[in-house]
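Undergrad: Sharing a structure, written as structure tokens. Questions coming.
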Amino acid sequence: MLIAIIPARGGSKRIPRKNMRSFCGKPIIAWSIDAALASSQFDKVIVSTDDEEIAQFAREKGAQVPFFRPPELSDDHALTRDVVNHALKYLAENEQPVDYCCVLYATAPFVTSNDLARAFAQLKSSKRDFCFAATNFPFPIQRAFYFTPQGDIEMFDQKQMKTRSQDLQEAYHDAGQFYWGKAEAFLQNLPMYSHHASAFLMPRYRVQDIDTEEDWETAELLFSAIQSRGL
């Protein structure tokens, strides 16, 4: 069985009711549900939540909510891997075991059904355990600096001060959007950022963390621009 798991708890401190907040015309979680359903990759699209409003909306959109997430997996300290493993164990015990799972965040409106299908094909062809969305940094991370407690500027790596940009190794980061994987690899807690995984590269203009009000505004501007240009 192939499933999508969309983690969507009710509480959010930085952006209240974040998963149900309207994003470019509909609750942000709707974009993830729609992408998963349109991909035709899944036997079930499951929303893991502790919230009745989210559960009701998810069912109306065509997703399934076969259980409510327990309190210990619904606070600010809950780890995504634990939430996923809880869902996989529930399905194995109450329905049928899962072969492949895609963890798709509720706040990932830039993900398309094509992304999900292509990433799954990449996972199978790579013969690895995971495939996750990633992109490259827009500026050399070797030139990053920080502020000391006294307000002074210090580079993280002083040795790179005079290295030409073209001579610095390109760096990438997790896009924070989706994670395909074998169910057994999730349950065994194999590390994601390792030889167990391959990275599905996405363009930077379709990657935006959404954790603050500024992030939200930036994401809506990007999303609107993408839609207006038909990209």
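Undergrad: Order Cys24, Cys102 by their accessible area, 1.4 angstrom probe, all chains in place, largest first. Show your work: numbers first, answer last.
TA: Details: Cys24 45, Cys102 0 Å².
Per-residue accessible area, sorted high to low, gives Cys24, Cys102.
Undergrad: Tilt of helix 113-126 relative to the longest C-alpha principal axis of the chain, in degrees (0 to 90, nearest 10)?
TA: Rounded to the nearest ten degrees, it is 80.
Undergrad: Assuming R0 = 41 Å, what is the FRET efficiency of Gln227 and Thr80, from their Cβ-Cβ distance, to the nearest 0.05? Numbers along the way, then the final one.
TA: On the way: r = 28 Å, r/R0 = 0.68.
The calculated FRET efficiency here is 0.90.
Undergrad: Continuing with the same structure: Calculate how steeply helix 80-94 sits against the longest principal axis of the alpha-carbon atoms of the chain, using the helix alpha-carbon long axis, and give the answer as 0 to 90 degrees to the nearest 10.
TA: 20
Undergrad: Using only protein heavy atoms and a 1.4 Å probe, report how much of Glu170 is accessible, in Å² to the nearest 10.
TA: 100
Undergrad: Net charge near Lys26, counting Lys/Arg +1 and Asp/Glu -1 over other residues with Cβ under 13 Å of its Cβ?
TA: My count for the surroundings of Lys26 gives -1.
Undergrad: Under a point spin-label approximation (7 Å from Cα along Cα-to-Cβ), what is the Gln166-Ser194 distance to one decimal in nm?
TA: 3.8
Undergrad: Suppose we keep just the DSSP beta bridges with both residues in the chain; what percent of those would be antiparallel, to 5? Walk me through the intermediate numbers first.
TA: On the way: 16 of 32 bridges.
Of all bridge pairs located within the chain, approximately 50 percent are antiparallel.
Undergrad: Residues of region 1-16 with amide nitrogen under 18 Å from the 7 Å Cα-to-Cβ point of Tyr90?
TA: Under cut-off, by backbone N: 1-11.
Undergrad: Using a probe of 1.4 angstrom, how much of the accessible area of region 154-231 is carbon and sulfur, in percent? Mind dumping the intermediate values first?
TA: Working: 2470 of 4980 Å².
Here carbon and sulfur together make up 50 percent of the probe-accessible area.
Undergrad: Can you list residues from other chains, or at least 5 along the same chain, whose modelled amide H is less than 5 Å from the amide H of Gly10?
TA: Asp50, Asp51
Undergrad: Which net charge results when you count Lys and Arg as +1 and Asp and Glu as -1 among the other residues whose beta-carbon is under 11 Å from that of Leu190?
TA: Computed value for this residue: +1.
The values are calculated or read from the model by the stated rules, or taken from the named source; none is laboratory data. Bear in mind that the values here come from a model prediction, so they are computed numbers and not experimental data. Cβ: placed from backbone, ideal geometry, glycine included. Neighbour counts: every protein chain shown. These accessible areas exclude ligands, DNA and RNA; they are computed on the full protein's heavy atoms, side chains included. Shrake-Rupley method; radii C 1.70, N 1.55, O 1.52, S 1.80 Å.
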